Amino acid sequence: MSNWYVSESDSWYAPLQEPQSAAPSAAGKTKSRGWIRGLIAVAVIVGLIIGSALLFPNGNAAKEAEKNEEGSSFGQFVIPPQENEGDLPDDYREFFENFYTATDTSRTVINIERTELPIDFSCETAAAGEEISLQELYRSCAPSIVGISGFMNGKSGYNWGTGVVLSPDGLILTNTHVIADCDRAAVTLSDDSVYEAKLVGADSISDIAVLKIEASGLVPAVFGDSTVLEVGDRVAAIGNPLGEEFRLTLTDGIISAIERGMNYKGHSMNLLQTNTAINEGNSGGPLFNMYGQVIGITNMKMMSAYSSIEGIGFAIPSSNVVKLVNIIVREGSVTGRPSIGITVGAIPDEARERYGDKLPPSGGLYISAVSEGSDAAEKGLRPGDIIMKVDGVEVSTTAEISKMKEALSVGDTMTFTVWRDGEIFDVDVALVDTNDVYG
């Protein structure tokens, strides 16, 4: 059996739960192809995190939506099931079209009324004190956790997520995908009071957003230093899984991995991996160390429509969150990050063994998506192209191309040696500001 783990694909959505109008899933389309049964794994749980939405109604969640007209927001990283090598199609193009599921690279639009900027606030990390029990952690930290409701104009339901109090006067941190495409947002405090929220700013690439409510006397969370974490450290999450009925649920576990590279909208995110239970509605909520400090913001979990996967969740490290929050409260957005405008993935061993004589002789990265508005699109790069070299250096992993890009600035040029249907040619691509492409 070959291992169909697609580490360069993603399926993120923040659905407004309306089962009666949900679009059919990609898996429903591909199941009719006998050989490819399951290469595009589909989410079966409505859930937590980012992006412009695909709607996948599911069992109990769908029933709750019908009853309460609630929505939920959750992120998932889908693992396609295993297939025998003999089931691969004859055409390598068909293989890649199904192996790399479609990546949503559309711009994120948020129409929530904005606050005036800059805001006089600075998010800081604190030194660790003494370790506390889970009971003590819950008592001290639960008042800093809120519920986030995101409403879309003309829709009857709403997205549901979690948020973290940043300041006594009402700054609230959450995930961007929780409020993506929304015109209005509301914040429910731990005492059940509800406030209309304004948007301070949001960053779709890092999935970090800040809201503001007119309140006072709130209990802000304390942030810790995620850079000192080690695999095996105990952690806990407090959030609002599955809707309002399960608000302020505490779960615990350990740090399972550090700097786990995951892909969202064609961008690599280095996340904390944890076995702490997180579910739909936990998006935007805190992951605590055992000193009661926020060391991550939960935003994704791994799922499969074909096998049971438990205990593989992810959080944005606090070291990144703190920096981004401080930029957002000053400027409302994060600018200056270079982007190529393409989504790439490594060529799996199965494909090289099956299609070796039809693919370039060495390495390469398969382009599965090209973003509109990028210079890459303007220069004619397209899905199906295979990048053999960047600036004369052979590449075979996404980390290699990301590292080269991060050493450059917006406006700089990268030269791609591209293989297309047996022809090899060079393309010079100028790096653009990420916000100009993805919003």
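The values are calculated or read from the model by the stated rules, or taken from the named source; none is laboratory data. This is a predicted model, so every value here is computed, not measured. Positions of Cβ are generated from backbone atoms using ideal geometry, with glycine treated the same way; all protein chains shown enter the neighbour counts.
Tell me, please, whether a residue that is assigned to a loop (DSSP other than H, G, I, E, B), touching a strand residue (DSSP E or B) at 6+ places or on another chain (Cβ under 8 Å) and either within 23 Å of R354 (Cβ to Cβ) or modelled with pLDDT under 85 (or both) can be found in the stretch 122-137. No, there is no match, as no residue in the stretch 122-137 is assigned to a loop (DSSP other than H, G, I, E, B), touching a strand residue (DSSP E or B) at 6+ places or on another chain (Cβ under 8 Å) and either within 23 Å of R354 (Cβ to Cβ) or modelled with pLDDT under 85 (or both). A residue that is at pLDDT below 95, more than 21 Å from I205 (Cβ to Cβ), charged (D, E, K, R) and not in a loop (DSSP other than H, G, I, E, B) can be found somewhere in the stretch 243-255.
Taken over the stretch 376-408, the criterion of being without any contact (Cβ under 8 Å) to a residue 24 or more places away in the chain and acidic (D, E) is satisfied by E378, E400.
Against the list (1) of a type outside the set (G, A, S); (2) in contact (Cβ under 8 Å) with a residue 24 or more places away in the chain; (3) over 22 Å from I205 (Cβ atoms); (4) assigned to a helix (DSSP H, G or I), the condition D436 fails is (3). Being touching a helix residue (DSSP H, G or I) at 6+ places or on another chain (Cβ under 8 Å) and closer than 30 Å to I367 by Cβ is the filter here; which residues of the stretch 209-265 pass it? Result: A209, G261, N263, K265.
Condition check for K198 on (1) out of contact with any strand residue (DSSP E or B) (no Cβ under 9 Å at 6 or more places or on another chain); (2) closer than 30 Å to S371 by Cα: one failure, at (1). Listed here are the strands (runs of 3 or more DSSP E) enclosed by the stretch 155-212 that have at least 2 residues being out of contact with any Ser or Thr (no Cβ under 9 Å at 6 or more places or on another chain) and in contact (Cβ under 8 Å) with a residue 40 or more places away in the chain: 171-174. Within the stretch 271-287, does at least one residue satisfy the condition of being more than 23 Å from R139 (Cα to Cα), polar (S, T, N, Q), touching a helix residue (DSSP H, G or I) at 6+ places or on another chain (Cβ under 9 Å) and at pLDDT below 95? Scanning the stretch 271-287 turns up no residue that is more than 23 Å from R139 (Cα to Cα), polar (S, T, N, Q), touching a helix residue (DSSP H, G or I) at 6+ places or on another chain (Cβ under 9 Å) and at pLDDT below 95. With the requirement that a residue be surrounded by 20 or more Cβ atoms within 10 Å (Cβ to Cβ), β-branched (V, I, T) and more than 20 Å from the chain's Cα centre (by Cα), what does the stretch 177-199 give you? Within the stretch 177-199, just V187 meets the criteria. Counting only strands (runs of 3 or more DSSP E) wholly contained in the stretch 292-356, the ones carrying 1 or more residues that are polar (S, T, N, Q) and within 27 Å of T413 (Cα to Cα) occupy 342-346.
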